[in-house]
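Undergrad: Attaching a single structure in structure tokens format; questions to follow.
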Amino acid sequence: MFPAPAGTKGIGDDCAVLQRGDGFDTLVSTDLLTEGIHFLRDRIPPRDLGWKAAAVNLSDIAAMGGTPVGTFLSLALPKDCDDAFLDAFFQGYADAAEVYVTPLLGGDTCASAGALTLNVTVLGECPHGRALLRSSARPGDLIYVTGNLGDSAAGLKAILDRIPGSAGTRSLMRRHYHPIPRIAEGLELAASEGAGAAMDLSDGLGSDLRHILKASGCGARIDVNALPLSPELKHFCQETGADPLELALCGGEDYELLFTLRPGTEPPVPCTAIGVITAGCELVWEGTDRDFTGFRHF
């Protein structure tokens, strides 16, 4: 119903891309976090919630290979959201703003009859025509991810199940509370002539990879034995009986970068090769007879 104007890339990527005419494009994204769906207010420190609200939006700029410029924050506040909570929340938001040099430029507040709801809009920029898009994968491209997969999902499981916090478990919980947007890595990828498609992993590889495949009109083969799993995740799964593949492929909220590179391209960032883009539309999980669909919102 909403075709993008000529020269603009609208719905379908991590950010909209707007031409500016000065050699750069403006990147715009927005994200909603609702209490009870995206976070539990009694289980996440408010300072961590402030950081996370900013960081998950900055991750969209990273996925496009852009530099963040500023954010706008809107809040619907229930009556029991007191000054101490808000002070800590805004300190966490300010921590992220300082680290990534991305000032808060405005927003809105209103009362909420129920849940605390946060909405962040983030602005970024990139050289004209250099944004990383989901539609740029080609058969033969190798598929990579930064970092480890599944740590955040394991951390969430530990939080929800109130699993005693060993050092390893606390590390996993920290990965859930305090995601790191891969801004520097996204910039390096955007500068690479061999870069293909890219996006960030918010809903799990099993879901997010399908967005690249649909946008690019391709299929893929993924070697599940090549997935980067942290020692902390492996130990957690051994202790709790959790399924590491389920956490890594379906848990979500890793906020690592998923991207493709043309054959023969040296990866410009630390990453792990996990598969290859294929012709057709089939997604094959090599090393298992299971299918993985990732998190679904509805």
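The values are calculated or read from the model by the stated rules, or taken from the named source; none is laboratory data. Keep in mind that what you see is a predicted model, and the values were worked out from it rather than measured. Please note: Cβ atoms are built from the backbone with ideal geometry, for glycine as well, and neighbour counts cover all protein chains shown.
Undergrad: If you go through the stretch 77-111 one residue at a time, how many are within 16 Å of ILE61 (Cβ to Cβ) and in contact with a Pro (Cβ under 8 Å, 6 or more places away or on another chain)?
TA: Counting residues in the stretch 77-111 that are within 16 Å of ILE61 (Cβ to Cβ) and in contact with a Pro (Cβ under 8 Å, 6 or more places away or on another chain) gives 4.
Undergrad: Here's a follow-up. Can you tell me which of (1) out of contact with any helix residue (DSSP H, G or I) (no Cβ under 9 Å at 6 or more places or on another chain); (2) within 28 Å of ILE159 (Cβ to Cβ); (3) of a type in the set (A, V, I, L, M, F, W, C) is the one LEU105 doesn't meet?
TA: Against the list (1) out of contact with any helix residue (DSSP H, G or I) (no Cβ under 9 Å at 6 or more places or on another chain); (2) within 28 Å of ILE159 (Cβ to Cβ); (3) of a type in the set (A, V, I, L, M, F, W, C), LEU105 comes up short only on (2).
Undergrad: Now a separate question. Just to be sure, is ARG162 in a loop (DSSP other than H, G, I, E, B), modelled with pLDDT under 95 and either in contact with a Phe, Trp or Tyr (Cβ under 9 Å, 6 or more places away or on another chain) or of a type in the set (D, E, K, R) (or both)?
TA: Taking the combined requirement at face value, the residue satisfies it.
Undergrad: Say we look at the stretch 17-33 and pick out the residues that are of a type outside the set (Asp, Glu) and farther than 21 Å from ALA97 by Cα; which of these is modelled with the lowest pLDDT?
TA: This residue is GLY21.
Undergrad: Considering every residue within the stretch 83-97, establish whether at least one is farther than 23 Å from ILE159 by Cβ and under 21 Å from the mean Cα position of the chain (by Cα).
TA: Within the stretch 83-97, one or more residues are farther than 23 Å from ILE159 by Cβ and under 21 Å from the mean Cα position of the chain (by Cα).
Undergrad: Return the pairs, sorted by first residue and then second, in which the second residue is surrounded by fewer than 18 Cβ atoms within 10 Å (Cβ to Cβ) and of a type in the set (Asp, Glu), the first residue lies in the stretch 32-51 and is farther than 17 Å from ALA113 by Cβ and in contact (Cβ under 8 Å) with a residue 40 or more places away in the chain, the beta carbons are less than 6 Å apart, and the residues are 6+ apart or on different chains.
TA: TRP51/ASP95
Undergrad: With respect to the numbered conditions (1) of a type in the set (S, T, N, Q); (2) in contact with a Ser or Thr (Cβ under 8 Å, 6 or more places away or on another chain); (3) buried (at least 21 other Cβ atoms within 10 Å of the Cβ), which one is the sole condition not fulfilled by THR117?
TA: Among (1) of a type in the set (S, T, N, Q); (2) in contact with a Ser or Thr (Cβ under 8 Å, 6 or more places away or on another chain); (3) buried (at least 21 other Cβ atoms within 10 Å of the Cβ), the lone unmet condition for THR117 is (3).
Undergrad: Just one of the numbered conditions (1) without any contact (Cβ under 8 Å) to a residue 40 or more places away in the chain; (2) within 19 Å of ARG130 (Cα to Cα) is not true of LYS234; which one?
TA: Unmet condition: (2).
Undergrad: If I filter the stretch 120-158 down to residues being touching a Ser or Thr at 6+ places or on another chain (Cβ under 9 Å) and among the hydroxyl-bearing types (Ser, Thr, Tyr), which single residue comes out as surrounded by the most Cβ atoms within 10 Å (Cβ to Cβ)?
TA: Taking the candidates together, the pick is THR146.
Undergrad: Here is a further query. Just for the stretch 164-185: of the residues that are over 14 Å from GLY147 (Cβ atoms) and of a type in the set (Ser, Thr, Tyr), which one is surrounded by the fewest Cβ atoms within 10 Å (Cβ to Cβ)?
TA: For the stretch 164-185, the residue satisfying everything is SER166.
Undergrad: Another question, if that's okay. Search the stretch 151-175 for residues that are in contact (Cβ under 8 Å) with a residue 12 or more places away in the chain and pair each with any residue that is of a type in the set (S, T, N, Q) and part of a loop (DSSP other than H, G, I, E, B) when their beta-carbon atoms are under 9 Å apart and the residues are at least 6 apart or on different chains.
TA: Between residues of the stretch 151-175 that are in contact (Cβ under 8 Å) with a residue 12 or more places away in the chain and residues that are of a type in the set (S, T, N, Q) and part of a loop (DSSP other than H, G, I, E, B), the close pairs are ASP151/SER230; ALA154/SER230; GLY168/SER230; SER171/SER230; LEU172/SER230; ARG175/ASN148; ARG175/SER230.
Undergrad: Are any of the residues in the stretch 204-224 more than 19 Å from ASP289 (Cα to Cα) and modelled with pLDDT under 95?
TA: No - not one qualifying residue is present in the stretch 204-224.
Undergrad: Okay, next question. Pick out the one residue from ALA6, ALA53, ALA76 that is within 26 Å of ARG210 (Cα to Cα) and small (Gly, Ala, Ser).
TA: ALA53
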